Amino acid sequence: MKKILLISPAYRTKLLENVRVLALPPLNLGLIAAHTPEDFEIQILDEAFDDIDYSTSVDLVGITCMTPLAPRAYEISEGFRKRGIPVVIGGIHPSMMSEEASCYADTVVVGEGEEVWPQLLRDFTNGSLKKIYRAEQRPDITHLPAPRRDLLNNKYFVQTVQTSRGCPHNCRFCSVTQFNGGQYRLREIDHVIDEINSIPDKRIFIIDDNIIGSGKTSIDRAFRLFDRLQGCNKEWGGQTCLNIVEHDGLLKAAAKSGAKALLIGFESIQEDTLASFNKKVNMRPTTRNFKEAIKKIHDHGIAIIGGFIFGTDCDTPDTFQRTLDFIMEAEVDAVQLSIQTPLPGTALYRQLAEENRLLLTNYPADWEAYNVFEPVFAPKGMSPDELYQALIEAYRTVSSPWPSFKRGLKTFIKTRSLFSTGISFFWNYDSYKTISSFTNTGPRS
């Protein structure tokens, strides 16, 4: 029986290597494993927890990676290829940079890999692996099987579930639309509920880019999903857009189903910045009053992890203070503060490349800096170092121990949930610890 090792690389940079408390299981590898024929022995290794043994007995290695993990993925690939073991690389970065990835692996999978994986394994068995396998169309996920969680042996804070793929919003900084498509593809709710009921953990995180979607079909489906979730007795977090506040009863239904925390991309408190992002969903009359939207969500006992991006052409050093004031006044429970990052495959990358504003282009080594915490381009309203230092100071202001404790306490009072409180406190405090460990080195740009 041939052996396959699937690997999720970990960050090597000091900035990110310690972020493990809220590490999420590599669901994509679990799904690939679920599409693997039974005549293969398969193992999943998450480098965030486990060390790689290059001497292990294995016949084929598969590696997934996002952009900042590409250098590490290529390094791992080299370690196995030196022993003559063929390596397959897939995921969002290799899909956007397939020519680059093909220089560091025997085979590259472009696009969602579930449907091409069985053919790839047949070719591997026959000794006829191709250099590139492309998913010619996005797979129908209606009856998507559950991932092989039995192969995920680490102690994760939450288990993850996917109920849909795709996003129509096409924000300029995001590559999800290009990778997963601009239409929502929905899993059959019965399959989703069966999968959730099979998970012994009390806590789950739904990793859909927007759990409620947009349009009548998606909203009606969200109501049905939330209704069914009530019987699962789970506490869950998920990602959504602000349009969740537009629909009467939807927040109430989410809360009754066990929703305790929502990750929401506010991106910016400035309308000109939102317009430059093409973030139209945050500019509607029903969503652009962020404080009112936050209050509606809090009124239903749901915590908020707010995402904010800095360094756009509309930003100045003053943008940080005004955003921090908003975060504290609106009592956003946890924050994800990041620097605008031009990831490959995005409109933002193409724009900054055309304007000759990219500062770190020694690829693939420089991809490691494309981690949303380091400036990799020339901002207009400040220097790269000013942008970086302002981000560091912002994290100190909102996520140092005392502010993290106070906000965690407020979250518990609002939600009465240790799950929500844990996300609020650890998301904030771990971010502070990680950023603090990196402050003496400064940005690479």
Only listed residue being touching a residue at least 24 places away in the same chain (Cβ under 8 Å) and outside the structural domain of Thr177 (by TED's automatic domain parsing), chosen from Glu115, Glu99: Glu115
Subset of segment 73-87 [under 20 Å from Pro26 (Cα atoms) and crowded, with 17+ Cβ neighbours inside 10 Å]: Ala73, Tyr74, Ile76, Ser77, Val87
Enumeration of residues in segment 88-142 that are buried (at least 20 other Cβ atoms within 10 Å of the Cβ), on the phi > 0 side of the Ramachandran plot and either over 23 Å from the mean Cα position of the chain (by Cα) or among the charged types (D, E, K, R) (or both): none
Scope segment 91-133; condition part of a strand (DSSP E or B), closer than 14 Å to Ile32 by Cα and among the aromatic types (Phe, Trp, Tyr); matching residues: none
Criterion: out of contact with any strand residue (DSSP E or B) (no Cβ under 7 Å at 6 or more places or on another chain), more than 22 Å from Leu274 (Cα to Cα) and either of a type in the set (A, V, I, L, M) or buried (at least 16 other Cβ atoms within 10 Å of the Cβ) (or both) - qualifying residue of Ala253, Ala261: Ala253
Residues being modelled with pLDDT of 95 or more and buried (at least 16 other Cβ atoms within 10 Å of the Cβ) - total across segment 360-369: 4
Residues (more than 18 Å from Ala261 (Cα to Cα), surrounded by 16 or more Cβ atoms within 10 Å (Cβ to Cβ) and either within 23 Å of the chain's Cα centre (by Cα) or hydrophobic (A, V, I, L, M, F, W, C) (or both)) located in segment 379-420: Met382, Leu387, Tyr388, Ala390, Leu391, Ile392, Ala394, Tyr395, Val398
Selection count where residues are over 30 Å from Asn278 (Cβ atoms), part of a loop (DSSP other than H, G, I, E, B) and over 17 Å from the mean Cα position of the chain (by Cα), scope segment 143-187: 9
Filter pass, Asn197 being modelled with pLDDT under 95 and either among the hydrophobic types (A, V, I, L, M, F, W, C) or out of contact with any Gly (no Cβ under 8 Å at 6 or more places or on another chain) (or both): no
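The values are calculated or read from the model by the stated rules, or taken from the named source; none is laboratory data. The structure displayed is predicted, hence computed values, not measured ones. When we count neighbours, we look across all protein chains shown, and the Cβ atoms used for this are built from the backbone with ideal geometry, even at glycine.
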